[in-house]
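Worksheet for the structure shown next.
The values are calculated or read from the model by the stated rules, or taken from the named source; none is laboratory data. What you see is a predicted model; the values in this text were computed from it and never measured. FYI the Cβ positions are ideal-geometry reconstructions off the backbone, even for glycines, and counts take in every protein chain you see.
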Amino acid sequence: MIIRIALSLTALGLLLLAGCSRPVQDVYQEQIFAFGTVIDITLYGVEEKRAQQAVQAVDAMYQRQHRDWHAWQRGLLMDLNNAIAAGKSIHTDPSIVKLIQLGQGFERSSGGLFNPAIGNLLRLWGFQQDDPAQGPPPSRERIQRWLDSAPSSLQLQIDGQVVSSNNPAVRLDFGGFAKGYSVGKAVELLQQRGINNLIVNAGGDLCVRGRRGDRPWRIGIRQPDSSGILASIELEGSGCIFTSGNYERYFEYNGRRYHHILDPRSGYPAEKTASVTVLTQDPTLADAAATALFVAGPDNWQTVAARMGIQDVLLIDEHNSAWLTPALAKRIHFEQQPADIEIVQVNP
Ligand code: ADP
Ligand code: MG
């Protein structure tokens, strides 16, 4: 769904630049709504009609994905999950097969901290529903029962487009990496149409291509405990920056906050981390790695980053200390000073 009509900033650019001799900036911005998120598309130097058509194609793609990959609304993923729960095999869509294979790769490389078969646990915590979860957290017994059922995406067998599992407790949830995959597909679609200077931004998780005219794109990274900007970074050419935060989805009970990034080892929301930002070329990897490093936490993220092949990381811990790789430290600019800054090498 395109929720705002096209906003060409040509006129604004003219206004801002009146009186100076630089050429008119031509930034075209439009918003799409899918997966419960606003997706901002920014194109530079594209004629309006062509920009509109390109964004329409991206919107159609998003609506299809929303329908097919939704974790708790009727659709292809729901059909697949129901079949697995019933111990049946099912013929599914190639896009779902692709996502399962990617998810299996991330589960392996993260040592199980990223687990796309975590759907039943997310349900237990009330994170597979439109409205925020409420009430007390699930009982220890129910969490223990989930831990005992030990679901893993590696227990899925894929034969062409036919998927089955010998563990009916496997329930797929693509929430930790589908957004990244979609951003990548949106960028591909735009580039196929000859658009090479752009940002696709799904709620702060984004990829850029090219430049904003005569300068790089300037990107803000959110402060975990407020809506302010913690840091900024300039990107140009090709790059993606993804953040997982404890502020994205959560509920509060008896003064405690329970957020949506769950530690598959304990069954509880991952502790000690407030947010993780990852910068890399591949948006699906960036998305999965941000979630995995969030679970790994301040003591263990370096090992997991190395295993997943991530060089640029910013982790903000529960005490508002920043943990940074040297590669990212060189490029990032703090707009607000964290409590402490630790620069740590990622060891391969
Ligand atoms: P956000 O960008 O909204 O912070 P993330 O990319 O961190 O989101 O993904 C969080 C989502 O990933 C959750 O809503 C859930 O669907 C899923 N998820 C939660 N914990 C895990 C986990 N340990 N492994 C894989 N997916 C997870
Ligand atoms: Mg993620």
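Here's a check for you: in the range 202-213, which residue that is surrounded by fewer than 22 Cβ atoms within 10 Å (Cβ to Cβ) and in contact (Cβ under 8 Å) with a residue 60 or more places away in the chain is farthest from GLU318 (Cα to Cα)?
Ranking the qualifying residues of the range 202-213, first place goes to GLY213.
Among the residues of the range 234-245, write down those that are away from ligand 2 (no atom under 15 Å from the Cβ), part of a strand (DSSP E or B) and in contact with a Pro (Cβ under 9 Å, 6 or more places away or on another chain).
Of all residues in the range 234-245, those away from ligand 2 (no atom under 15 Å from the Cβ) come to 234-239.
Checking which are part of a strand (DSSP E or B) leaves us with 234-235, 237-239.
GLU234, LEU235, GLY237 - these are the residues of the range 234-245 that are away from ligand 2 (no atom under 15 Å from the Cβ), part of a strand (DSSP E or B) and in contact with a Pro (Cβ under 9 Å, 6 or more places away or on another chain).
Within the range 79-111, work out how many residues are part of a helix (DSSP H, G or I) and farther than 21 Å from ALA288 by Cα. Steps first, please.
Of the residues in the range 79-111, the ones part of a helix (DSSP H, G or I) are 79-85, 94-109.
Within this subset, residues satisfying the condition of being farther than 21 Å from ALA288 by Cα are 79-80, 82-85.
Count: 6.
Please go through the range 84-111 and pick out each residue that is touching a residue at least 40 places away in the same chain (Cβ under 8 Å), surrounded by 15 or more Cβ atoms within 10 Å (Cβ to Cβ) and out of contact with any helix residue (DSSP H, G or I) (no Cβ under 8 Å at 6 or more places or on another chain).
ILE84, ALA85, VAL97
Being within 15 Å of ligand 2 (Cβ to nearest atom), outside the structural domain of LEU121 (by TED's automatic domain parsing), farther than 30 Å from GLY210 by Cα and free of Cβ contacts under 8 Å to residues at least 24 places away in the same chain, is that true of even one residue in the range 254-265?
Going residue by residue through the range 254-265, those that are within 15 Å of ligand 2 (Cβ to nearest atom) are 259-264.
If we keep only those that are outside the structural domain of LEU121 (by TED's automatic domain parsing) as well, we get 259-264.
Okay, now just the ones that are also farther than 30 Å from GLY210 by Cα, so 259-264.
From the residues that got through so far, the ones that are free of Cβ contacts under 8 Å to residues at least 24 places away in the same chain too are 259.
The answer is yes, given that some residue of the range 254-265 is within 15 Å of ligand 2 (Cβ to nearest atom), outside the structural domain of LEU121 (by TED's automatic domain parsing), farther than 30 Å from GLY210 by Cα and free of Cβ contacts under 8 Å to residues at least 24 places away in the same chain.
Among the numbered conditions (1) buried (at least 16 other Cβ atoms within 10 Å of the Cβ); (2) charged (D, E, K, R); (3) over 18 Å from the mean Cα position of the chain (by Cα), tell me where ASP263 comes up short.
(3)
Can you tell which of GLN345, GLN311, GLN337 is loosely packed, with under 15 Cβ neighbours inside 10 Å, outside the structural domain of ASN115 (by TED's automatic domain parsing) and in contact with a helix residue (DSSP H, G or I) (Cβ under 7 Å, 6 or more places away or on another chain)? Walk me through how you get there before you give the answer.
Numbers: GLN311 fails: loosely packed, with under 15 Cβ neighbours inside 10 Å; GLN337 fails: in contact with a helix residue (DSSP H, G or I) (Cβ under 7 Å, 6 or more places away or on another chain).
Result of the check over GLN345, GLN311, GLN337: GLN345.
What about ASN300, is it touching a residue at least 12 places away in the same chain (Cβ under 8 Å), of a type outside the set (Gly, Ala, Ser), surrounded by fewer than 17 Cβ atoms within 10 Å (Cβ to Cβ) and away from ligand 1 (no atom under 12 Å from the Cβ)? Show your work before the answer.
Numbers: touching a residue at least 12 places away in the same chain (Cβ under 8 Å): no; of a type outside the set (Gly, Ala, Ser): yes; surrounded by fewer than 17 Cβ atoms within 10 Å (Cβ to Cβ): yes; away from ligand 1 (no atom under 12 Å from the Cβ): yes.
No.
Need pairs with beta-carbon distance below 9 Å; first residue more than 18 Å from ASN196 (Cβ to Cβ) and within the range 31-48, second of a type in the set (Ser, Thr, Tyr); sequence gap 6+ or separate chains.
Matching pairs, first to second residue: ILE32/TYR62; PHE33/TYR62; ALA34/TYR62; ALA34/SER182; PHE35/TYR62; PHE35/SER182; ILE39/TYR62; ILE39/SER182.
What number of residues within the range 114-137 are in a loop (DSSP other than H, G, I, E, B) and either under 24 Å from GLY36 (Cβ atoms) or aromatic (Phe, Trp, Tyr) (or both)? I'd like the intermediate steps shown before the answer.
Just the residues of the range 114-137 that are in a loop (DSSP other than H, G, I, E, B), to begin with: 114-117, 125-137.
Checking the rest, the ones that are also either under 24 Å from GLY36 (Cβ atoms) or aromatic (Phe, Trp, Tyr) (or both) come to 114-117, 125-135, 137.
Residues meeting the conditions: 16.
Across the range 138-181, which residue is nearest to ligand 2 (Cβ to nearest atom) among those that are of a type in the set (D, E, K, R) and not in a loop (DSSP other than H, G, I, E, B)? Full working, then the answer.
Initially, the range 138-181 is screened for residues of a type in the set (D, E, K, R), giving 140-142, 145, 148, 159, 171, 173, 179.
Adding the requirement that they be not in a loop (DSSP other than H, G, I, E, B) leaves 140-142, 145, 148, 159, 171, 179.
Values: ARG140: 27, GLU141: 29, ARG142: 25, ARG145: 26, ASP148: 26, ASP159: 28, ARG171: 18, LYS179: 7 Å.
The extreme case among them is LYS179.
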